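Here is the structure we will look at.
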Amino acid sequence: MLLLSFTTPGWPLHKLALVLLLAVSLALDAYRIVPYTPLVRLESLPADSDDPARKLSIFVANVLQDNDDPQPLLRLLAELSPDLVLLLEVNGRWMDELAGLRSSYPHHVGQPLENTYGIALFSRLELIDARVSHLVESDVPSIHGLVSLASGEFVEIHGLHPRPPRPQSGGTTERDAELVLIAREARDSEHPVIVMGDLNDVAWSHTTRLFRRISEMLDPRVGRGHFPTYPVAVPFLRYPLDHVFHSRSLRLVEFKRLPDIGSDHFPVYAEFSLEPEGRLSQESPKADEQDQKEARDTLRRAE
């Protein structure tokens, strides 16, 4: 709009029409993005309890398969000492480099791959029924299970890295279907739930918002900032692809983007407090019948 003002003399009708269209586009973008700024009310409320036995800290990082220096990642993990570590794009070489983590994280599950969709979860806390699944595509794994807190209570976890949009071969169908499947499972779970990973989708996209309405999960970014995680190399074009969503029984202790580890993604860190007694004080998104129909149609297209 500014460039148009300076490059075209006067205000002919076609120029006014173009400025109007640009203004509408700007308004639509602002409508989508403003919730991910401090200008709106927090969605994930701060923790009320300080009980360490009911806390869970999480580290999520797309390590970049071709990144050949694990030391920045390992130093950051040693500094933060999170309870759960979800790593994406891990192959056989990366798993060899990470072997030292197993002494601090005795519980682990994953599937290293050479196609940039390898995945690994390391945990200090006991994992129950932790497994690798292939929800939609045979070469795109995800991790699911329960983590046992020090209090003896359980939190259900889902680690995802769906394939990004591919306009030449079906667009976003597979990614969207994977998110719908997990959204339904999270909504129907008897446990508090955390969904985390590189979702290859921004926080304010139609697909992510549909996922949150169906799952009824909260986003720590709402009311705090958009915490862009990709691409590291282009500061003025970064956007949030790496996420940690949670159900209402969990409250937020901390959420932050972490320093560069040599990947094209920044890692993210989140810490939660299990407080089911206060779940009604957090308002979650809700799906309507149109959302449910769209979810069913998405799953049918992916079959």
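So what's the back-of-envelope 222 nm ellipticity for the chain, counting only DSSP H runs of four-plus at -39500 (n - 2.57) apiece and dividing by all residues, rounded to 500? Walk me through the numbers on the way to the answer.
On the way: 7 runs with 83 residues, N = 303.
Calculated from helices alone, the mean residue ellipticity at 222 nm is -8500 deg cm²/dmol.
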For region 16-52, list residues with backbone N below 18 Å from a point placed 7 Å from the Cα of S5 toward its Cβ? 16-27
Consider a paramagnetic label point 7 Å from the Cα of D288 along Cα→Cβ; state which residues of region 8-39 have an amide N under 18 Å from it. 32
Mind checking region 49-84 for trypsin sites (Lys or Arg not before Pro) that DSSP puts in a loop (not H, G, I, E or B) and that have at most 12 other Cβ atoms within 10 Å? none
Read-out P(r) over Cα pairs in 10 Å bins from 0, in percent, candidates (1) 6, 25, 30, 23, 12, 4, 0; (2) 6, 22, 22, 19, 13, 9, 6, 2, 0, 0; (3) 6, 26, 34, 21, 8, 4, 1, 0; calculated match is (3)
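Compute the relative contact order of the chain as a whole-number percentage, counting only Cα pairs closer than 8 Å that sit 6 or more residues apart in sequence.
Working: 628 pairs, mean separation 63.7, N = 303.
Taking the mean separation of contacting Cα pairs over the length of the chain, I get 21 percent.
Using per-residue counts of other Cβ atoms within 10 Å, averaged over each peptide, order 208-218, 249-259 from highest down. Each step should come with its number before you reach the end.
Details: 208-218: 22.2, 249-259: 18.2.
Result, highest mean first: 208-218, 249-259.
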At a 1.4 Å probe, what is the % contribution of carbon and sulfur to the accessible area of the chain? 56
For K55, counting only lysines whose alpha-carbon sits under 22 Å away and dropping same-chain residues fewer than eight positions off, the answer is K256
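R0 = 22 Å: FRET efficiency of S148 with L74, Cβ-based, nearest 0.05? Don't skip to the end; give the middle numbers.
Details: r = 26 Å, r/R0 = 1.16.
My answer for the efficiency is 0.30.
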Which distance in nm do the two modelled labels at R301 and F236 give, with both placed 7 Å along the Cα-to-Cβ direction? 3.4
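In Å², and per residue, what accessible area does region 109-243 have when probed at 1.4 Å with the other protein chains present? It would help to have the intermediate numbers written out before the result.
Values: 4780 Å² over 135 residues.
With all protein chains present, region 109-243 gives 35 Å² per residue.
The values are calculated or read from the model by the stated rules, or taken from the named source; none is laboratory data. Since the structure is predicted, the reported quantities are computational estimates derived from the model, not experimental observations. Reconstructed Cβ throughout: ideal geometry from the backbone, glycine too, with neighbour counts over all protein chains shown. When the accessible area is computed, the model is the full protein with side chains, heavy atoms only, and any ligands, DNA or RNA have been set aside. Shrake-Rupley method; radii C 1.70, N 1.55, O 1.52, S 1.80 Å.
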